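**Student:** Below is a structure I'd like to ask you about.
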Amino acid sequence: MRLSRYFLPVLKETPAEAQIVSHRLMLRAGMIKQASAGIYSWLPLGFKVLRRIEQIVHEEQQRAGHIPMLMPTLQSADLWRESGRYDDYGQEMLRITDRHGRDMLYGPTNEELITDIFRSNVGSYKDLPLTLYHIQWKFRDEVRPRFGVMRGREFLMKDGYNFDLTKEDALHAYNRHLVSYLRSYERMGLQAIPMRADGGPIGGDYTHEFLVLAETGESEVFYDSEITDLKFGEREIDYDDVGQCQSVLEEFTSRYARTDETHDEAVFAEVPVARRRSARGIEVGQIFYFGTKYSEAMGATVIDAEQNQVPVHMGSHGIGVSRLLGAIIEASHDDKGIIWPEGVTPFHCGIVNLKQGDDAADAACDGLYAALTAAGLEPLYDDRKERAGGKFATMDLIGLPWRITVGPRGLKNGVVELTSRKTGESEELSPEAAVAKVVARYAGL
Ligand code: ATP
Ligand code: MG
């Protein structure tokens, strides 16, 4: 993309309404624009990152054997009356009446809808296990929408639902989700720690929230510092292997890590004092096994091998796709702007032409652009007739991991400058070597 032809409405002033850095930077970098409280338009740059995050979520869900689909945003109230949640949900639910006087709602989540799909189509244990998911907009009429996309009213969520014959099978599905979430967050350059969470009215130990540590997080968390050393890394995993998934769960959940809702001072006191941490965190996902709550209420049963009609065991598993943009920026920025992890960056590499209109500089930039594109990368070429300082400031603000700077003086010596956004380090290289280095960084991502 050439910047002169793109739509990147960066702001010079720091918007007064934004209280936290990710919100400020998303507005300044022209990624989002508020449409009304807690509801945002995704401008081209923000939309690109949103799509990259979605893509990672899709890939990792499908790697785990989960099946993508799409359910609507508007749902019929009748299904929610069956589960009893139409009244329970309270004011967070946006209720709508259509022209025929039928009660509808903008879905805050999809347990009812998916259970209805399941019960209409699946009748035998032979069709299990089954995990379906989608990535769809949700609406929750939050009392206090704030912090930009972090606590919106309309937000994008991946929500997945597993259907299993037994509790044991459903717990394997739970573990599969835990593993796939660990992989997903790491690919986004994030450390998200699974923490024991509160099962709410349904109770039970089988729920974990994934938290990104950040001062601006809304959750209070307590953990054993050893947990921050854990990495999922490059290991191969067979998602059908019950033992393998279980051992990842044990590895990542055996140390103390809880949100304030489940925090227990007595148990925490057993962690050596030097390793005890209390901090704040951003919830970027949650996994939940809830047994037969919805299947019993809504008649989602299958025939088992002994010909008994039994309710299926279910769980639901969510990732806050739009919130993740805020969380990533909270975790990765400096005073000049965003620093995108390579896995989610909107463009792979910036190209800055120090002297637009200079034949040699223009030709070198075009050459770099063509070479990066041919290698399957998306460069953003700042081809505007602007001062170098302004171009650098824009590149730093929007946070592309790599920048290649091209000027007539360097070109006389056959070199361009390659700069890392993260470390600020620059090196002079031939254009070919600079391209090769950038391409190598993204290989395998
Ligand atoms: P919270 O406690 O932050 O209100 P939740 O526990 O009610 O969230 P879940 O039902 O677990 O949310 O939804 C799954 C994920 O969706 C959350 O982990 C979070 O990342 C994201 N999410 C929830 N509410 C919002 C919101 N208002 N704005 C943006 N993302 C949200
Ligand atoms: Mg939650």
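**Student:** Calculate one ³J(HN,Hα) per residue across the range 425-431 by plugging θ = phi - 60° into the Karplus curve 6.51 cos²θ - 1.76 cosθ + 1.60, and present them in order as whole Hz with x for glycine and proline.
**Tutor:** 3J(HN,Hα) across the range 425-431, in whole Hz: 6, 10, 9, 8, 9, 5, x.
**Student:** Let me ask something else. Please find the FRET efficiency linking residue 218 to residue 143, where r is the Cβ-Cβ separation and R0 is fixed at 22 Å, and quote it to the nearest 0.05.
**Tutor:** 0.95
**Student:** Let me ask something else about it. For residue 35, project a label point 7 Å along Cα to C-beta. Then give me every residue of the range 149-186 with its amide nitrogen under 17 Å of that point.
**Tutor:** The answer is 149-157, whose backbone nitrogens lie closer than 17 Å to the label point.
**Student:** Going by accessible area, probe 1.4 Å, with all protein chains left in place, what is the ranking of 373, 97, largest first?
**Tutor:** Most to least solvent-accessible, the answer reads 97, 373.
**Student:** How large is the charge dipole for the range 329-445, taken about the Cα centre, if only the Cβ atoms of Lys, Arg (+1) and Asp, Glu (-1) carry charge, to the nearest 20 debye?
**Tutor:** Charge dipole, the range 329-445, about its Cα centre: 120 debye, nearest 20.
**Student:** Just report the Cα centroid separation between the range 317-364 and the range 270-289, whole Å.
**Tutor:** 30 Å
**Student:** Near the amide H of residue 256, under 5 Å away, which other amide H atoms are found, from residues 5 or more places off or on another chain, if H is placed in the peptide plane?
**Tutor:** 224
**Student:** Would you look at the GNM of the chain, springs on alpha carbons closer than 10 Å, and say which of 31, 93, 195 moves the most?
**Tutor:** 93
**Student:** Of the accessible area of the range 33-337, with the probe set at 1.4 angstrom, what percent is carbon plus sulfur?
**Tutor:** Carbon and sulfur together cover 46 percent of it.
**Student:** OK, next. Students often forget the sequence filter, so: which aspartates and glutamates lie under 14 Å Cα-Cα from residue 126 once same-chain residues fewer than 8 apart are removed?
**Tutor:** Within reach: 164, 169, 304, 306.
**Student:** Label residue 254 and residue 70 with points 7 Å out from Cα along Cα→Cβ: what is the distance between them in nm?
**Tutor:** So the two model labels end up 4.4 nm from each other.
**Student:** Among 307-317, 346-356, how do they line up from the highest to the lowest mean number of other beta-carbon atoms within 10 Å?
**Tutor:** 346-356, 307-317
**Student:** Using alpha-carbon positions, what is the distance between the centroids of the range 410-437 and the range 12-55, in Å?
**Tutor:** If you average the Cα positions of each part, the centres end up 30 Å apart.
**Student:** Would you list which lysines come within 30 Å of residue 33, measuring only between C-alpha atoms, while excluding same-chain residues fewer than 8 positions from it?
**Tutor:** Partners found: 12, 48, 138, 158, 336, 385, 391, 422.
**Student:** Using the Karplus curve 6.51 cos²θ - 1.76 cosθ + 1.60 with θ = phi - 60°, what ³J(HN,Hα) values do you get for each residue of the range 288-304, in whole Hz, with x for Gly and Pro?
**Tutor:** 8, 9, 10, x, 10, 3, 7, 5, 6, 5, 10, x, 8, 10, 9, 8, 8
**Student:** Comparing 306, 265, 54, which has the greatest mean-square fluctuation in the GNM of the chain with Cα pairs linked when under 10 Å apart?
**Tutor:** 306
**Student:** Round to a whole angstrom and tell me the spacing of the C-alpha centers of the range 240-264 and the range 78-118.
**Tutor:** Taking the Cα centre of the range 78-118 as reference, the centre of the range 240-264 is 33 Å away.
**Student:** When ranked by the protection proxy of mean other Cβ atoms within 10 Å per residue, highest first, what sequence do the peptides 401-407, 253-259 form?
**Tutor:** Listed from highest to lowest mean packing, they are 401-407, 253-259.
**Student:** Right, another one. Using only the alpha-carbon atoms of the range 347-442, report the extent along each of the three principal axes, biggest first, to the nearest angstrom.
**Tutor:** Computed over the range 347-442, the largest-to-smallest principal extents equal 30, 26, 21 Å.
**Student:** In degrees from 0 to 90, rounded to the nearest 10, what is the angle of the helix 167-187 Cα long axis to the longest principal axis of the chain?
**Tutor:** With rounding to tens, the tilt is 10 degrees.
**Student:** Using per-residue counts of other Cβ atoms within 10 Å, averaged over each peptide, order 58-64, 318-324, 37-43, 130-136 from highest down.
**Tutor:** Packing proxy ranking, top to bottom: 318-324, 130-136, 58-64, 37-43.
**Student:** Counting only protein heavy atoms, what percent of the accessible surface of the range 347-442 is carbon or sulfur at a 1.4 Å probe?
**Tutor:** Ligands and nucleic acids excluded, carbon and sulfur reach 52 percent.
**Student:** Once you treat every alpha carbon in the range 33-337 as an equal point and sum by Debye, what is log10 I(q)/I(0) at q = 0.09 Å⁻¹?
**Tutor:** Normalising to I(0) and taking log10 leaves -0.46.
**Student:** Assign unit charges at the C-beta atoms only (+1 for Lys and Arg, -1 for Asp and Glu), then state the dipole size of the chain relative to its Cα centre in Debye, rounded to the nearest 20.
**Tutor:** It comes to approximately 1920 debye.
**Student:** Tell me the mean residue ellipticity at 222 nm calculated for the chain from its helices only (DSSP H runs of n ≥ 4, each -39500 (n - 2.57), averaged over every residue, nearest 500).
**Tutor:** That calculation yields -10000 deg cm²/dmol at 222 nm.
**Student:** Further question on the same structure: Sequence gap at least 6, Cα distance under 8 Å: using those rules, report the relative contact order of the chain to the nearest whole percent.
**Tutor:** Computed over the chain, the figure is 16 percent.
**Student:** Hey, for a label at residue 229 modelled as a point 7 Å past Cα toward Cβ, could you say which residues of the range 277-297 have their backbone N under 18 Å away?
**Tutor:** Only 277-278 fall inside the zone, counting backbone N under 18 Å.
**Student:** Let me ask you something else. Which shape class, rounded, prolate or oblate, goes with the range 266-385 when its Cα gyration tensor gives a ≥ b ≥ c as root eigenvalues, a/c under 1.5 marks rounded, and past that a/b bigger than b/c marks prolate?
**Tutor:** In terms of gyration-tensor shape, oblate.
**Student:** Skip the ligands, DNA and RNA, and give the accessible area per residue of the chain with a 1.4 Å probe, whole Å².
**Tutor:** Averaged over the residues of the chain, the accessible area is 45 Å².
**Student:** Evaluate the distance, in nm, between pseudo-label points positioned 7 Å from the Cα of residue 17 and of residue 409 along their respective Cα→Cβ axes.
**Tutor:** 4.4 nm
The values are calculated or read from the model by the stated rules, or taken from the named source; none is laboratory data. If you're wondering where the values come from, they're calculated on a predicted model, not measured in any experiment. A quick note on method: Cβ atoms are made from the backbone with ideal geometry, for glycine too, and the neighbour counts reach across all protein chains shown. The protein model used for the area step is the full one, side chains on, heavy atoms only, and it has no ligands, DNA or RNA in it. Shrake-Rupley method; radii C 1.70, N 1.55, O 1.52, S 1.80 Å.
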